[in-house]
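S.K.: Mind looking over this structure? Questions follow.
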Amino acid sequence: MAHLRIALAQTNPVVGDLAANSAKLLDWTRQAAAGGAHLVLFTEMFLTGYPVEDLALRSSFVDASIATLEQVAARLAGEGLGELPVVVGSMDRAGLAPRAGRPEGAPLDAVALLHRGGVVTRTAKHHLQNYGVFDEFRYFVPGDRLPVFRLHGVDVAIAVCEDLWQDGGPVAVVGKAGAGLLVVPNASPYEREKADVRLELVARRAREAGCALAYVNQVGGQDELVFDGGSIVVGADGELVARAGQFREELLLVDLDLPVADREPGRTAHDAGDGSTITVDRFVLSDEPVTIDSPVTPSIAPRLDDMAEVYAALVLGVRDYVAKNGFESVVLALSGGIDSALTATIASDAIGPERVHVVMMPSRHSSEHSVTDAEELVRRQGVNSLLVPIDGIVTAFEKEIELTGTAAENIQARVRGTVLMGLSNAHGHLVLTTGNKSELATGYSTLYGDSAGGFAPIKDVPKTMVRELSRWRNAHTDGWFRMDVARPIPANSITKEPSAELRPGQCDTDSLPPYEVLDRLLDDHVEKDLGSAELVAAGHDPGLVAHVVSLVDPAEHKRRQYPPGPKITSKHFGRDRRLPITSHRHETT
């Protein structure tokens, strides 16, 4: 057997910041060298950040990525790190002739091997995702190579992210190529229960290829996506060898005993089992074996439980959106209810309560406990607070224009939105909206009122989960959070009857079923795309199905105008779900 110490750099790049990402690559490679690593693995498109979306269609950006890759290879050698091979994701181009239906410039979601001051080889993702949040056929052309490089007597193959998830393609020929280790850079975004699926997939592919597999995943927030890390190394038998933590940057060092290579260098073509041919390009970096005098103990980070995962994803999503977009502070409306209480808590845990500003804006319909519950949260968390009674402002509107019913109620929400946006303009705060997924699904948000803002931390969190998360946070704290406060949410905010308080005695259940019932129906309709007849067949009450479905689709225009927010479910209102606003298709039972 031969030996290798690999370093998985589970890192948080910034989209478009080639200079900062290059500096991070140098720093983390330096750390890996200090840890005795023989190979360093960075994530998918690390140099450019991921996803780059339509930046991929700008030739200037692709050119900058290619130039930066060559520069960083030279800088590694210049700083004495050239002997340590580095696998890193970037953008390249295929050099194909322009034609209709092909992305301009034929960009590639590429991975390169850097060594001794140069780019030794390049490859590209073969399977391009075109589902869920991904539109990669719009941006890239597929690769058709499997590089296999010999390092200290071990043959190491490189594939990219989705190539692991799909049958056929480069991963299907790894076994034929005789590799002892398959390394896979990834940028796989978080959603609930995905980590177990990943581990099962990685283990299965390792067994199919007959080799160890190192899966390094991006971490951090990027607009509506949150990348959760959780990088994995498994043996050829699929057994877990090492795992990095979730939602944090980490350099994971792993010692592996691997088979000695016995294939000759060269180039061979293989049927990939998906209608394509994959060229295996085998070459040698070094044949000399290495010894590991002081083995590292494999680190297997424990998995977070379900609510801890979701809460961590929301905190990281807010933290990175604030930091990467240059905001110093946030502001939100604090009503005393559970949605605004949870939003304030997430913000305080993300950036620290000293940078969180809350505005209490009671109206004539606000209950006494709404103000006292909000004041209690301010006391517990230490956030900055401002009291702005809105009765006088609403009365001024009512004097000038006569409105009744919902139109009159919505004046209150729009006054509050105007106050928040004014404070944002004056002080540079990012406005956080506080609506949850159940409200967005049924259209229970006021355009240019409670929907006005820049980021929506709980837009993908159903109402029942809002309560679960609030209870979870009151029972837990974590050194990773910026607020070291136990039980930050007043109990009354969690237990009281939900109400928008826009008219006397109003409760959400005046027009909606109990959220425990509603959220089950919405899960089947929104997440699983069940139509009315299928919902009834699944056991939902026909009258309730007709009522709820009649609320969901007509509210699409509101959701399109709602701010971005972190994706935690399989069907996020945003990149995941794209229904037409103008549509005469109506579900009927």
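The values are calculated or read from the model by the stated rules, or taken from the named source; none is laboratory data. What you are looking at is a predicted structure, and each value in this text was computed from that prediction instead of being measured. Virtual Cβ from ideal backbone geometry, glycine too; neighbours counted across all protein chains shown. Surface areas here come from the heavy atoms of the whole protein model, side chains and all, with no ligands, DNA or RNA. Shrake-Rupley method; radii C 1.70, N 1.55, O 1.52, S 1.80 Å.
S.K.: Mind listing whichever residues of the stretch 532-549 are surrounded by 15 or more Cβ atoms within 10 Å (Cβ to Cβ) and not β-branched (Val, Ile, Thr)?
M.R.: Listed by number, the residues that qualify are SER532, GLU534, LEU535, HIS540, LEU544, ALA546, HIS547.
S.K.: Further question on the same structure: Could you give me the residue pairs with C-beta distances under 7 Å whose first residue belongs to the stretch 463-490 and is open to solvent by 30 Å² or more (accessible area, probe 1.4 Å), whose second residue is charged (D, E, K, R) and assigned to a loop (DSSP other than H, G, I, E, B) wherever it lies, and which are 6+ apart or on separate chains?
M.R.: THR477/ASP484; TRP480/ARG248
S.K.: Evaluate the following for LEU114: is it in contact with a strand residue (DSSP E or B) (Cβ under 9 Å, 6 or more places away or on another chain), hydrophobic (A, V, I, L, M, F, W, C) and part of a loop (DSSP other than H, G, I, E, B)?
M.R.: No.
S.K.: A further question follows. In the stretch 167-193, what residues are out of contact with any helix residue (DSSP H, G or I) (no Cβ under 9 Å at 6 or more places or on another chain) and under 30 Å from MET307 (Cα atoms)?
M.R.: PRO185, ALA187, PRO189, listed by residue number.
S.K.: Check every one of the strands (runs of 3 or more DSSP E) wholly within the stretch 248-349 and list those with 2 or more residues that are in contact with a strand residue (DSSP E or B) (Cβ under 9 Å, 6 or more places away or on another chain) and open to solvent by 20 Å² or more (accessible area, probe 1.4 Å).
M.R.: 250-258, 266-271, 277-284
S.K.: Determine whether GLU104 is open to solvent by 20 Å² or more (accessible area, probe 1.4 Å), assigned to a loop (DSSP other than H, G, I, E, B) and farther than 24 Å from ALA9 by Cα.
M.R.: In short, yes.
S.K.: Got a sec? Which of VAL284, VAL318, VAL358, VAL331 is aliphatic (A, V, I, L, M) and more than 18 Å from PRO563 (Cβ to Cβ)?
M.R.: Within the list VAL284, VAL318, VAL358, VAL331, the selection yields VAL284.
S.K.: When only residues in the stretch 184-211 that are of a type in the set (A, V, I, L, M, F, W, C) and farther than 30 Å from HIS572 by Cβ count, which is modelled with the lowest pLDDT?
M.R.: If we take residues in the stretch 184-211 being of a type in the set (A, V, I, L, M, F, W, C) and farther than 30 Å from HIS572 by Cβ, then ALA209 is modelled with the lowest pLDDT.
S.K.: Moving to a separate point now. Just for strands (runs of 3 or more DSSP E) wholly inside the stretch 148-220: which have at least 1 residues that are of a type in the set (Ser, Thr, Tyr) and touching a strand residue (DSSP E or B) at 6+ places or on another chain (Cβ under 9 Å)?
M.R.: 212-217
S.K.: Of the residues that sit in the stretch 279-308 and are modelled with pLDDT of 90 or more and of a type in the set (Val, Ile, Thr), which one is farthest from the chain's Cα centre (by Cα)?
M.R.: VAL284
S.K.: Does ARG416 satisfy being touching a Gly at 6+ places or on another chain (Cβ under 9 Å), farther than 21 Å from ASN492 by Cα and among the charged types (D, E, K, R)?
M.R.: Taking the combined requirement at face value, the residue satisfies it.
S.K.: Answer with yes or no whether PRO170 is open to solvent by less than 10 Å² (accessible area, probe 1.4 Å), in contact (Cβ under 8 Å) with a residue 60 or more places away in the chain, over 19 Å from the mean Cα position of the chain (by Cα) and closer than 21 Å to VAL62 by Cβ.
M.R.: no
S.K.: While we're here: I'm trying to understand the selection: among the residues of the stretch 539-556, which are in contact (Cβ under 8 Å) with a residue 60 or more places away in the chain and not small (Gly, Ala, Ser)?
M.R.: Passing the criteria: VAL548, LEU551, VAL552, PRO554.
S.K.: Here's a follow-up. Given the criterion over 26 Å from the mean Cα position of the chain (by Cα) and among the hydrophobic types (A, V, I, L, M, F, W, C), identify the matching residue among LEU128, LEU146, LEU164.
M.R.: On inspection, the qualifying residue turns out to be LEU146.
S.K.: Does the stretch 3-16 include one or more residues that are part of a helix (DSSP H, G or I) and open to solvent by 10 Å² or more (accessible area, probe 1.4 Å)?
M.R.: no
S.K.: Mind listing whichever residues of the stretch 432-462 are surrounded by fewer than 22 Cβ atoms within 10 Å (Cβ to Cβ) and under 21 Å from the mean Cα position of the chain (by Cα)?
M.R.: Passing the criteria: only GLY454.
S.K.: Here is a list: ALA64, ALA74, ALA56, ALA32. Which entry is out of contact with any His (no Cβ under 7 Å at 6 or more places or on another chain), part of a helix (DSSP H, G or I) and open to solvent by 40 Å² or more (accessible area, probe 1.4 Å)?
M.R.: So the residue among ALA64, ALA74, ALA56, ALA32 that is out of contact with any His (no Cβ under 7 Å at 6 or more places or on another chain), part of a helix (DSSP H, G or I) and open to solvent by 40 Å² or more (accessible area, probe 1.4 Å) is ALA74.
S.K.: When only residues in the stretch 365-386 that are modelled with pLDDT of 90 or more and not in a helix (DSSP H, G or I) count, which is least open to solvent (accessible area, probe 1.4 Å)?
M.R.: VAL383
S.K.: Then there is this: Return the residue satisfying two criteria in turn: it lies in the stretch 140-174 and is farther than 15 Å from CYS211 by Cα and of a type in the set (Asp, Glu), and of such residues it is modelled with the highest pLDDT.
M.R.: The selected residue is ASP144.
S.K.: Among (1) open to solvent by 30 Å² or more (accessible area, probe 1.4 Å); (2) modelled with pLDDT under 90; (3) under 30 Å from ASN474 (Cβ atoms); (4) part of a helix (DSSP H, G or I), there is one condition ALA407 misses while meeting the rest; what is its number?
M.R.: (3)
S.K.: Among the numbered criteria (1) in a helix (DSSP H, G or I); (2) crowded, with 24+ Cβ neighbours inside 10 Å; (3) β-branched (Val, Ile, Thr), which single criterion is violated by VAL419?
M.R.: (2)
S.K.: Could you say whether any residue in the stretch 435-452 is closer than 18 Å to SER348 by Cα, polar (S, T, N, Q) and without any contact (Cβ under 8 Å) to a residue 60 or more places away in the chain?
M.R.: No: the stretch 435-452 contains no residue that is closer than 18 Å to SER348 by Cα, polar (S, T, N, Q) and without any contact (Cβ under 8 Å) to a residue 60 or more places away in the chain.
S.K.: Taking the stated definitions as given, is ARG267 closer than 30 Å to LEU4 by Cα and either of a type in the set (Phe, Trp, Tyr) or more than 33 Å from the chain's Cα centre (by Cα) (or both)?
M.R.: yes
S.K.: I would also like to ask the following. So in the stretch 124-139, with the set limited to residues that are at pLDDT below 90, part of a loop (DSSP other than H, G, I, E, B) and open to solvent by less than 10 Å² (accessible area, probe 1.4 Å), which one is farthest from GLY574 (Cα to Cα)?
M.R.: Going through the qualifying residues, I end up with GLN129.
S.K.: Within the stretch 391-411, is even one residue free of Cβ contacts under 8 Å to residues at least 60 places away in the same chain and under 31 Å from the mean Cα position of the chain (by Cα)?
M.R.: Checked the stretch 391-411: no residue is free of Cβ contacts under 8 Å to residues at least 60 places away in the same chain and under 31 Å from the mean Cα position of the chain (by Cα).
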